[in-house]
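Chemist: Have a look at this one.
The values are calculated or read from the model by the stated rules, or taken from the named source; none is laboratory data. The model shown is predicted, which means the values in this text are computed figures rather than measured ones. Glycine gets a Cβ as well: all are built from the backbone with ideal geometry, and neighbour counts include every protein chain shown. Heads up: the accessible areas ignore ligands, DNA and RNA and are worked out on the full protein's heavy atoms, side chains in. Shrake-Rupley method; radii C 1.70, N 1.55, O 1.52, S 1.80 Å.
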Amino acid sequence: MSSGNTNTWLNIWEKEKIGVAIMGVGIFMLCFNRMHKYLPFLRCWPKDDSGSETERAILRYIPESVDYLHSVTKFSREELKTLYRNFKNECPNGMVNEETLKHIYGQFFPDGDSDAYAHLVFKSFDRGNSGVVNFERFAIGLSRLLRGTLKDRLRWTFELYDAKGLGYITKDDVATIVRSVYKLLGSCAQPQLNDDDVTEHVDRVFDKLDLNRVGKVEFDDFYEVCTKDESVVLSMSVFDHAM
């Protein structure tokens, strides 16, 4: 990632705008859309000691038809074909796992620790806890972000926070996101923050979200707070030009 783009994200994050929690997701989408250009060395499954791809890579997942995917996403048939060609180019077995996502983030944030944030992003696609994401799930999730309404995008963001799928988020959930983002940024995050700084940051963000002061935030409250914040709405628009 260029220093200019990094600084832009940092400036938004330091203003404590809630929607910035999805900042790394845009990179994820860009990576998959153009992976064949930027990250040709990645593979969906690790190699064993002999240098061969593991046995699991032999299994091939056959996606649904283009017509079906066109009916459940907001992509055109040609866009779906392009996405699938790029996806299959790096994931010939038709599925991607969490380790691949960690590698992708690691390439864009070499000075940070991408594992925690990549795990949260992967969970947002792998709601069934299967350990892999097939092309259908990828395309449907991508459609929500790139072609969805503001509510669709905020719903996805809420689910990123709600990694346990409880239907609400707590201060601990916000802390998990905040800490993972700081780890992702690594030395790019200036000034470097200690645990007390992060805790204070989390408290301020959660206070904005917890309108009823009950210690948990459901989607309706999350949506209300976010849509009243112009900078959050603006941050969602980053996906309008991501593909």
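Chemist: Looking at Leu154, Leu145, can you tell me which residue is more than 16 Å from Lys123 (Cβ to Cβ) and in contact (Cβ under 8 Å) with a residue 60 or more places away in the chain? Walk me through it before giving the result.
Modeler: Working: Leu145 fails: more than 16 Å from Lys123 (Cβ to Cβ).
Step by step, each of Leu154, Leu145 is checked, and only Leu154 is more than 16 Å from Lys123 (Cβ to Cβ) and in contact (Cβ under 8 Å) with a residue 60 or more places away in the chain.
Chemist: Just give me the residues in the stretch 64-122 being in a loop (DSSP other than H, G, I, E, B), open to solvent by less than 80 Å² (accessible area, probe 1.4 Å) and touching a residue at least 40 places away in the same chain (Cβ under 8 Å), in sequence order.
Modeler: Our first condition is that a residue be in a loop (DSSP other than H, G, I, E, B); within the stretch 64-122, this holds for 64-65, 73-76, 91-94, 109-114.
Keeping just the survivors that are open to solvent by less than 80 Å² (accessible area, probe 1.4 Å) gives 65, 73, 75-76, 91-94, 109, 112-114.
Within the stretch 64-122, Thr73, Phe75, Cys91, Pro92, Asn93, Gly94, Phe109, Gly112, Asp113, Ser114 qualify.
Chemist: Does Ser231 satisfy being without any contact (Cβ under 8 Å) to a residue 24 or more places away in the chain, open to solvent by less than 50 Å² (accessible area, probe 1.4 Å) and assigned to a helix (DSSP H, G or I)? Don't jump to the end; show me each part of the working.
Modeler: On the way: without any contact (Cβ under 8 Å) to a residue 24 or more places away in the chain: no; open to solvent by less than 50 Å² (accessible area, probe 1.4 Å): yes; assigned to a helix (DSSP H, G or I): yes.
No: the conditions fail for Ser231.
Chemist: Can I ask one more? Condition first: of a type in the set (A, V, I, L, M) and touching a residue at least 40 places away in the same chain (Cβ under 8 Å). Now tell me which residues in the stretch 133-142 satisfy that. Break it down stepwise before answering.
Modeler: Keep residues of the stretch 133-142 that are of a type in the set (A, V, I, L, M), which gives 133, 139-140, 142.
Ala139, Ile140, Leu142, listed by residue number.
Chemist: Moving on to the next point. When you go through (1) out of contact with any helix residue (DSSP H, G or I) (no Cβ under 7 Å at 6 or more places or on another chain); (2) modelled with pLDDT under 85; (3) over 30 Å from Asp210 (Cα atoms); (4) in a loop (DSSP other than H, G, I, E, B) one by one for Arg127, which number turns out not to apply?
Modeler: (3)
Chemist: Taking the conditions exactly as written (touching a Phe, Trp or Tyr at 6+ places or on another chain (Cβ under 6 Å), in a helix (DSSP H, G or I), of a type in the set (A, V, I, L, M) and buried (at least 16 other Cβ atoms within 10 Å of the Cβ)), does Leu160 satisfy them or not? It would help to see each step written out before you state the result.
Modeler: Values: touching a Phe, Trp or Tyr at 6+ places or on another chain (Cβ under 6 Å): no; in a helix (DSSP H, G or I): yes; of a type in the set (A, V, I, L, M): yes; buried (at least 16 other Cβ atoms within 10 Å of the Cβ): yes.
For Leu160, the condition - touching a Phe, Trp or Tyr at 6+ places or on another chain (Cβ under 6 Å), in a helix (DSSP H, G or I), of a type in the set (A, V, I, L, M) and buried (at least 16 other Cβ atoms within 10 Å of the Cβ) - is not met.
Chemist: Picking from Val198, Val225, Val214, which residue would you name as being more than 20 Å from the chain's Cα centre (by Cα), assigned to a helix (DSSP H, G or I) and either surrounded by fewer than 11 Cβ atoms within 10 Å (Cβ to Cβ) or without any contact (Cβ under 8 Å) to a residue 60 or more places away in the chain (or both)?
Modeler: Values: Val225 fails: either surrounded by fewer than 11 Cβ atoms within 10 Å (Cβ to Cβ) or without any contact (Cβ under 8 Å) to a residue 60 or more places away in the chain (or both); Val214 fails: assigned to a helix (DSSP H, G or I).
When all the criteria are applied, what remains is Val198.
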